[in-house]
Amino acid sequence: FTAVCPWTGLPDFGTLIISYVPDHSCIELKSLKYYLLSYTGVGIVQEHAAKRILDDLVAVSQPRRMTVTLDYKVRGGLHTTVKAHYDKA
């Protein structure tokens, strides 16, 4: 996963893990790939990226459960892992 730091303009690289239990529909992998590629030039902080991806994917697939985990590469001496979770009420 690649996005851009909104303050420095430098790219943020990381591993994105999406775990979900579908309800009535699944997410098509090609569509997911194009959706994630759309973040390449977006200036967004890491926590907001995880939450936005979760919100967007929940909106289109209405799963029973979903967790989005972004494990970013070390930058500036800091390693960041961000998780966002959804449970159907």
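The values are calculated or read from the model by the stated rules, or taken from the named source; none is laboratory data. All of these numbers come straight from a predicted model, not from anything done at the bench. All Cβ positions, even for glycine, are placed from backbone atoms using ideal geometry, and neighbour counts span all protein chains on display. Quick note on the areas: whole protein, heavy atoms, side chains included, nothing else; ligands and nucleic acids left out. Shrake-Rupley method; radii C 1.70, N 1.55, O 1.52, S 1.80 Å.
Between ARG65 and GLU47, full extension at 0.36 nm per residue minus the direct alpha carbon distance yields a gain of 4.6 nm.
For GLU47, the accessible surface of its heavy atoms amounts to roughly 100 Å² (probe 1.4 Å, protein chains only, rounded to the nearest 10).
Just flag the trypsin sites (Lys or Arg not before Pro) in the range 8-89 sitting in loop per DSSP whose Cβ has no more than 16 other Cβ atoms within 10 Å. Those satisfying the criteria are ARG64, LYS73, LYS88. Surface composition of the chain: carbon and sulfur atoms hold 58% of the protein heavy-atom accessible area at a 1.4 Å probe.
Hey, what's the chain come to in accessible area per residue, 1.4 Å probe, Å²?
Counting only protein heavy atoms, the per-residue value for the chain is 63 Å².
From Cα pairs below 8 angstrom and at least 6 apart in sequence, can you work out the relative contact order of the chain, rounded to a whole percent? That works out to 35 percent. For the chain, the 222 nm mean residue ellipticity estimated from helices alone, with every DSSP H stretch of n ≥ 4 adding -39500 (n - 2.57) and the total spread over all residues, rounds to -9000 deg cm²/dmol.
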